[in-house]
Structure formats: structure tokens, C-alpha cells
Amino acid sequence: MDAVTWNVTCTYSQHLASKYPTCCVSFSSFYNDTIVPCAKCACGCDHKTCARTERDSKRLMSASGKSAVTGAHPVPVAARGHVNRQSAAPLLQCTTHMCPVRVHWHVKLNYHDYWRAKVTVTNFNYRMNYTGWTLVAQHPNLDNITEVFSFDYKPVVSYGSINDTALFYGMKFFNDQLMEAGPYGNVQSEVLMRKDDTTFTFRQGWAFPRKIYFNGDECLMPPPDSYPYMPNAAPAAVSALSLLSSAVAGVTFLVLLMAA
């Protein structure tokens, strides 16, 4: 009897794995004082227990009989990343977005031939460490990275010759572990990119990423009309209002002139 063989293809679906996103993105820039936060309830606010302070988190975890990261007993820092996700229900820091992870992209500096962005990943889960975390960003200028200061980096050629995607991850024994929520629950790096004269601009939110993924899950981005804009480039709604005001003023002036 001939042996029977078959192939099995497994596909991960973020939408089936979780009803809500598991991370969100916020923006800021040197040319505008506006800080664009993660959207309210970006990762869902229903039936989530949260702690307002680290003291509250310890009290809640003591009441539930669970340690900060795993099960019922504290574990050494080096081992805290190995978490049984099924047994450790998230305990989040109270935020407006209620996401376990936030990625903040800050447009930091502008040089003659280069520009610099700062990326900060913050963990808001008191019961979860992320060992061997990864961050993927999509932006047209990521094909011209000159230096990444505190993360390791690999380019990802996603569409033939188009190289607009970068994979960032922590440096071994330095920041490859994103600690649980608290004073050490963040990792950050700066990225220096060479300008492409044919595409580079700070207008219309161009300097911000198109998509962000943390540990393979797509993060919820802010709405495009909320991006920080250049001081001399007002949003469309403001510009339209200014045009309307000018038109009304012009009509009023003509009416008064005819009446005179």
C-alpha cells in the first residue's frame, strides 16, 4: 500500500486571534508642539482591569494571587520573558488607549542632507515581558537608512525592488527584552536617514510611517488628518474655513461699496 502524504499550510490571522489591535501608534515632531496620541480605546476598553500606578498593580496582582509576570511565584529578571500567555491575563496600566504596547514616532531633527526620527516602544502590561521583540515600519525613506543607534536593523524588500520596510529588534544583552510596565518598560532608538531630493518633505505628514507592526501584529495608526503639520501648512479644514471667511469678507466689502 502506497504511503499517503499531504501538505498543511498554517496562516496566522490577527483578526481571529484578537478582537482588537494589540498595539497603537502616536506621533510628534520638532516643528509642531502637537503630540498626536493613540486613538481612544484603540485596543478596546470593555471589561479590562487596569492599574493607575505601579502600587495599584502590585495590590491587584496580590489580590489575584499572581506575580508580576508569571503564575504564582516571582521569577528572575532573566527569565521573565518566558510567560505562559494563557495563564497570565493582562493587567494594563490605565490609559486612554488601553493597549498593551504603544509605539511613538518622533520626527526629531532636520539636517541639510539627513533627517532623524526617534522611535520609542512602551509596554503597558504589568504581567508581560517581550523577549526577542520585533518592530516593523513602512516608510519610503527607510531605503536610505544611514545609521540606527540603539536597535539592530535589517531591510525587508517587500515588493520586488521597493525597499520601504525595515525590521528593528533589540541588541543582544542590551535591549532585546522589553520589560513589563513601569520605569524600565520601554526601549528606544534613533534612526538617521539620508534625504532623497525627489521625494523628501515634511509636509502633509510625509515624515511619519505608513504602517507599524509589533511582534507581527499591525498597530492602529492615528487618523491622517490628525498628523502634526508644518506651521505654514494649515490642515485642509482650517484652510477651507479661511477661504470661506475671506469670501464672506469680500462680499461684505462689495455690498458696503455699492451702498456708498
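The values are calculated or read from the model by the stated rules, or taken from the named source; none is laboratory data. Quantities reported herein were computed from a predicted structural model and do not represent experimental measurements. Note that each Cβ is placed from the backbone with ideal geometry, even for glycine, and that neighbours are counted across all protein chains shown. Quick note on the areas: whole protein, heavy atoms, side chains included, nothing else; ligands and nucleic acids left out. Shrake-Rupley method; radii C 1.70, N 1.55, O 1.52, S 1.80 Å.
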Self-check item: Charge-dipole axis of segment 114-231 as Lys and Arg at +1 and Asp and Glu at -1 on Cβ define it, positive-most pick from Phe202, Asn144, Tyr130
Solution: Phe202
Quiz item: Placing +1 at every Lys and Arg Cβ and -1 at every Asp and Glu Cβ, with all other atoms neutral, what dipole size does segment 112-198 have around its Cα centre, in debye to the nearest 20?
Solution: 260 debye
Quiz prompt | Cα-based reach from Lys172 at 14 Å (exclusive), listing aspartates and glutamates while leaving out same-chain residues under 8 positions away | solution = Asp152
Exercise. Please tell me which of these pairs span more than 30 angstrom C-alpha to C-alpha: Lys48/Lys154; Lys40/Lys154; Lys40/Lys195; Lys40/Lys118?
Key: Lys48/Lys154; Lys40/Lys154; Lys40/Lys195
Exercise. Search the structure for amide H atoms under 5 Å from the amide H of Cys43, placed 1.01 Å from N in the peptide plane, and list their residues when 5 or more places away or on another chain.
Key: Cys99
Exercise. Could you sort 120-133, 219-232 so that the peptide with the highest average Cβ count within 10 Å comes first and the rest follow in order?
Key: 120-133, 219-232
Exercise. Using 0.36 nm per residue of separation minus the Cα-Cα distance, give me the extension gain between Thr198 and Ile35 in nm, one decimal.
Key: 55.9 nm
Quiz prompt | segment 127-240, accessible area per residue, ligands and nucleic acids excluded (1.4 Å, Å²) | solution = 52 Å²
